[in-house]
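Report on one structure; see the data block that follows.
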Amino acid sequence: MTTVFPEARVKKFIEMRGADGGPWRRLCALPALWVGLLYDQGALDAAWDLVKGWDNETREELRRGASRLALDAEVGAIKMRDLARQVLDISEAGLKARAKPGAGGLVPDESHFLNTLRESVDTGRIPADELLEKYNGDWARDLTRIYAEYSY
């Protein structure tokens, strides 16, 4: 017997998580990336154009490659660093088109939140690289130091 709950409703919002920790300068980067991609029709169309030819195998290889090699991953002719740059460009265009003032109205849009992601793409260094460098260097392999430097 199946029970139907008339009060059950489909959520109207998708919750994006995964970057709610780390240095303060990175905290707004991932939400801004998603807002830029999802809140502007031009950005949605551009993002779709970027990926619409991918099959399940390509998507899975990109997911696995990103988890192992980050921005150095390559799947066929797709280089992760180039893909990341394209996604950032699309998101930035979406944020600029959205034109919601950022920094308390001091900047014309929220695209400045993407700067930390652009820095990673430009340098090829991801947050994990920074953490490993500190762990093996200044922190002298003392993992408790992460709480002092990355808590707020």
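Read the figures in this text as sums done on the coordinates, not as results from a lab. On a predicted model such as this, the values are computed, not experimentally measured, just so you know. Cβ: placed from backbone, ideal geometry, glycine included. Neighbour counts: every protein chain shown.
What to note about this one:
- Sequence-distant residues sharing a close amide H with Ile78 (under 5 Å, placed H): none
- The loop-placed trypsin sites (Lys or Arg not before Pro) in segment 37-78, going by DSSP, that have at most 15 neighbouring Cβ atoms within 10 Å of their Cβ come out as Lys52.
- Stretchable slack from Lys79 to Trp24, in nm (0.36 nm times residue separation minus alpha-carbon distance): 16.9 nm
- D (Stokes-Einstein, µm²/s), Kirkwood Cα radius, the chain, 1.002 mPa s at 20 °C: 120
- Simple spin-label estimate for Asn136 and Lys96 in nanometres, 7 Å along Cα-Cβ: 3.8
- Working from Cα pairs under 8 Å separated by at least six residues, relative contact order for the chain is 26 percent.
- Amide proton proximity set for Gly102, modelled H, under 5 Å, gap of 5+: Val107, Asp109
- Crossing angle, helix 56-69 versus the chain [Cα axis fit, 0-90 degrees, rounded to tens]: 20
- The string of couplings for segment 81-92 from the Karplus curve (6.51, -1.76, 1.60, θ = phi - 60°) is 5, 5, 4, 4, 5, 5, 5, 4, 4, 5, 4, 4 Hz, one whole number per residue in order, with x for Gly and Pro.
- Evaluating 6.51 cos²θ - 1.76 cosθ + 1.60 at θ = phi - 60° for every residue in segment 129-140, the Karplus couplings come out as 4, 4, 4, 5, 4, 5, 4, 7, x, 3, 7, 6 Hz, glycine and proline recorded as x.
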